[in-house]
Every structure is written in structure tokens, then in C-alpha cells.
1. Can you name the number of the only condition in (1) more than 14 Å from the chain's Cα centre (by Cα); (2) exposed (fewer than 15 other Cβ atoms within 10 Å of the Cβ); (3) touching a residue at least 24 places away in the same chain (Cβ under 8 Å); (4) part of a loop (DSSP other than H, G, I, E, B) that ILE23 fails?
2. Having 2 or more residues that are in contact with a Gly (Cβ under 6 Å, 6 or more places away or on another chain) and either farther than 16 Å from PRO30 by Cβ or of a type in the set (A, V, I, L, M, F, W, C) (or both) is the bar; report the strands (runs of 3 or more DSSP E) wholly within the range 50-136 that clear it.
3. Kindly indicate whether any position in the range 101-118 is at positive phi and acidic (Asp, Glu).
4. Looking only at the range 128-150, count every residue that is touching a Leu at 6+ places or on another chain (Cβ under 8 Å) and open to solvent by 50 Å² or more (accessible area, probe 1.4 Å) and tell me the total.
5. Please name all residue pairs, on different chains or six or more residues apart, with Cβ atoms under 9 Å, provided the first residue is in the range 117-145 and is in contact (Cβ under 8 Å) with a residue 60 or more places away in the chain and the second residue is of a type in the set (Ser, Thr, Tyr) and in a loop (DSSP other than H, G, I, E, B).
6. Taking the conditions exactly as written (in contact with a strand residue (DSSP E or B) (Cβ under 6 Å, 6 or more places away or on another chain) and either among the aliphatic types (A, V, I, L, M) or open to solvent by 70 Å² or more (accessible area, probe 1.4 Å) (or both)), does ARG120 satisfy them or not?
7. Let me confirm something: among GLN153, GLN125, which residue is exposed (fewer than 14 other Cβ atoms within 10 Å of the Cβ), over 30 Å from GLY40 (Cβ atoms) and modelled with pLDDT of 90 or more?
Amino acid sequence: MLLAQKGYRVLLVDRATFPSDTISTHVVHPLAVAALRRWGLADALAATGCPPIATYGFDFGTFRLAGTPGTADEPIAYCPRRIILDKLLLDAAAAAGAEIREGFVVEEIVAEDGRVVGIRGCSKQGTRVTERAAVVVGADGRNSIVADAVAPQK
């Protein structure tokens, strides 16, 4: 979303189609809520009916941590379901001009001269596609095809 707002050509591909539900504890902590507010999305998240969270409590059995993790300017956190948060972010990226391809499976990273220059994959219609890019960002989790391709130091 932010790159598209700056005028960059952005292609976002995801194997999922949205909204898609996944089990997670996606807490949007107060500082992240501040970021959503800067981006004009905090009110949209609040409008979904997701209840605000003003205090946290973590029970570790032998001890418990509790308190208010927010700041005076941003005291509230949220814990939306992924169907809410993911769709909100996806729609904002599309509204900013990002091209969205849902149901797209990245099968391979395209590299030339030791540098990632694109992706190869399959659309939900079964069409094989190669896309080239100056920058490829992999936000594809712990079994990342992008991380495997670039073999980052651990």
C-alpha cells in the first residue's frame, strides 16, 4: 500500500483468496494501531466491531504479567480475526493502486547473476506467468520460497 501510494508499480500475489480465515493471535499492538492511524486505516478497523483492548494479562503459571501496554496517545490494541485484518489491508493496497492476484501460487524464484529478478507461478485459472521486478519481497512465512532462493545468513 505505502509503495503504491508513492507511485511504485506493486504486484501482490497470494496463494489464498480473501477473506480467508486462519487460526492466529493477530494482536495489533498500540504502536501498530498508531501506524494504522497514520495510514488512515485505524477507524476502519474500529468500525468492524473488533473490540478494543486496553489491558493485557499473560499467565505463565508461576507468575502473571499484567498492565496497559499502550501510550497516552495510543492506549488501545485490537485482536481482529485474520478475515478482518487481511481484507482491510488488501483493500487498502488495491485502493492505493497495487495490483492484487489472489489464488496465485509462486512456484519458483527467478534469479540472474545471483540476484532475484522475479517470480514464476500459476494463476488460479491455471495460466503460467513470469513476472519480473526490481525488488521482490517474500512475506511467505517460515517455509519461504524466497528465503530458500536467497539463502540468507542465519
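The values are calculated or read from the model by the stated rules, or taken from the named source; none is laboratory data. The structure presented is a predicted model; accordingly, all values stated were derived computationally and were not measured. Backbone-built Cβ (ideal geometry, glycine too); neighbour counts: all protein chains shown. Surface areas here come from the heavy atoms of the whole protein model, side chains and all, with no ligands, DNA or RNA. Shrake-Rupley method; radii C 1.70, N 1.55, O 1.52, S 1.80 Å.
1. (3)
2. Working: elements: 56-59, 64-67, 99-102, 105-112, 115-122, 128-132.
Strands (runs of 3 or more DSSP E) meeting the threshold: 105-112, 128-132.
3. Yes, because at least one residue in the range 101-118 is at positive phi and acidic (Asp, Glu).
4. Here is the first cut: in the range 128-150, the ones touching a Leu at 6+ places or on another chain (Cβ under 8 Å) are 131, 133.
In the following step, the residues that additionally are open to solvent by 50 Å² or more (accessible area, probe 1.4 Å) were identified as none.
Selection size over the range 128-150: 0.
5. From the range 117-145, the pairs are LYS124/THR17.
6. Values: in contact with a strand residue (DSSP E or B) (Cβ under 6 Å, 6 or more places away or on another chain): yes; either among the aliphatic types (A, V, I, L, M) or open to solvent by 70 Å² or more (accessible area, probe 1.4 Å) (or both): yes.
Yes.
7. On the way: GLN153 fails: modelled with pLDDT of 90 or more.
Matching residue, one of GLN153, GLN125: GLN125.
Residue by residue, here is whether (1) within 20 Å of ALA16 (Cβ to Cβ); (2) open to solvent by less than 50 Å² (accessible area, probe 1.4 Å); (3) free of Cβ contacts under 8 Å to residues at least 12 places away in the same chain; (4) touching a Cys at 6+ places or on another chain (Cβ under 6 Å) holds:
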{"position": "ALA46", "(1), (2), (3), (4)": "no, yes, no, no"}
{"position": "ASP59", "(1), (2), (3), (4)": "no, no, yes, no"}
{"position": "THR68", "(1), (2), (3), (4)": "no, no, no, no"}
{"position": "GLU74", "(1), (2), (3), (4)": "no, yes, no, no"}
{"position": "PRO80", "(1), (2), (3), (4)": "yes, yes, no, yes"}
{"position": "LEU89", "(1), (2), (3), (4)": "yes, no, no, no"}
